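Novice: Sending over a structure as structure tokens; questions will come in a sec.
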Amino acid sequence: MPLFPVCKSAGPNARCMEEEKMKLRIATAALMVAAMSLPAFAADEFYVVQDVKTKKCTVVDKKPTDASMTVVSPSGTIYKSRTEAESGMKTVKVCTSN
């Protein structure tokens, strides 16, 4: 089954082939736009974490899943931007005492 319905005219002709090419170009362009905009929506959660060994605080865009990092923001706060998380890190007691 073709991606788009086949031209209604009988047999392949130049107009039918051009229509199919145009439909394919439009679909390709739409997929490219969607793929390019996806990273903009990817990282909208930021966490203030502390390395267990070094006690150094950093901002990460993924919640830590292993035991080497601990979320130290107040009540496990999830920040919406890196700048907001960096400002929040300045208020976390264990991060400012280093």
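Every residue, every condition in (1) more than 17 Å from Glu45 (Cα to Cα); (2) touching an Asp or Glu at 6+ places or on another chain (Cβ under 9 Å), yes or no:
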position	(1), (2)
Thr58	no, yes
Asp66	yes, no
Ser81	no, yes
Glu84	no, no
Ser87	no, no
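Novice: Ok, one more. Cβ-Cβ below 8 Å, separation at least six or inter-chain, first residue in segment 57-70 and among the hydroxyl-bearing types (Ser, Thr, Tyr), second part of a loop (DSSP other than H, G, I, E, B): which pairs?
Specialist: Once the first residue is among the hydroxyl-bearing types (Ser, Thr, Tyr) and sits in segment 57-70, its partners that are part of a loop (DSSP other than H, G, I, E, B) give Ser68/Val52; Ser68/Lys53; Thr70/Val52; Thr70/Pro64.
A short reminder: the numbers here are calculations on the coordinates, not readings from a lab. Since the model is a prediction, treat every value here as computed from it, not as a measurement. So basically every Cβ, Gly included, is an ideal-geometry build from the backbone, and we count neighbours across all protein chains shown.
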